[in-house]
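The values are calculated or read from the model by the stated rules, or taken from the named source; none is laboratory data. As the structure is a prediction and not an experimental result, all values here were calculated from the model. Here the Cβ is made from the backbone with ideal geometry for all residues, glycine too, and neighbour counts use every protein chain on show. Areas reflect the complete protein model, heavy atoms only, side chains present, ligands, DNA and RNA absent. Shrake-Rupley method; radii C 1.70, N 1.55, O 1.52, S 1.80 Å.
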Amino acid sequence: RGTVPKRAGGKKPVTLDELDIIAGAMPEHYRALVYVAAWSGLRFSELAGLTRGDVVPVRLDDGQVAYRLNVDKQTYRVGGKLYERMPLKTDAGRRVVYLPPHMTQTLARHMERFTGPNNDEYVFTSRNGTPISENTVSKQFRAARHVAGRDDFRFHDLRHTCATMAAQAGATTREL
């Protein structure tokens, strides 16, 4: 009684204020990663595999510009070995995801500062320009979520936050 119900699976999505606190507490080169994860619902390996060429600006009917993300590969590490540009688990995983227009400036600024100029350059990299590591980002994320008072929240739970926001905005079950 009087408590906020938890989502299926036991995780309560972050609020927009909590999202801003978490992103703001991350190192600068990982801030856009948190926002893109929350607004796209991509898995960590899909975010790690995004290249500049996968981020395509599109003009919407109302004249605003948004980004289309082409999700067709993933990058990850297992046992210290890096697997780059690997196929997704299933063909159904290949998809196009549109970021909302309010994310355009955030991602554009990030790519301007932290992404190389060529289309095959990773959008999100470590400080030394290598593909991001889930272990490294998770360590930073744990500290940032603590600042927001959300020690229960994992990076992967940003996918659930995305689904919740989409459902609240009227997305259909198929779209979710």
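Only helices (runs of 4 or more DSSP H) wholly contained in the range 13-126 count here; list those with 2 or more residues that are in contact with a strand residue (DSSP E or B) (Cβ under 8 Å, 6 or more places away or on another chain).
On the way: elements: 16-25, 28-40, 44-49, 104-114.
Here the list reads 28-40, 44-49, 104-114.
Of everything listed in (1) open to solvent by 100 Å² or more (accessible area, probe 1.4 Å); (2) out of contact with any Asp or Glu (no Cβ under 9 Å at 6 or more places or on another chain), the single unmet condition for Arg142 is (2). Restricting attention to the range 115-139, which residues are more than 19 Å from Arg43 (Cβ to Cβ), modelled with pLDDT of 95 or more and open to solvent by 100 Å² or more (accessible area, probe 1.4 Å)? Within the range 115-139, Pro117, Asn119 qualify. Of all the listed residues (Asp72, Asp54), the sole one being out of contact with any Cys (no Cβ under 6 Å at 6 or more places or on another chain), farther than 25 Å from Arg145 by Cα and open to solvent by 40 Å² or more (accessible area, probe 1.4 Å) is Asp72.
To keep it simple, each residue is scored yes or no on (1) modelled with pLDDT of 95 or more; (2) open to solvent by 70 Å² or more (accessible area, probe 1.4 Å).
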site	(1), (2)
Ala92	no, yes
Arg113	yes, yes
His146	yes, yes
Phe153	yes, no
Arg159	no, no
Thr164	no, no
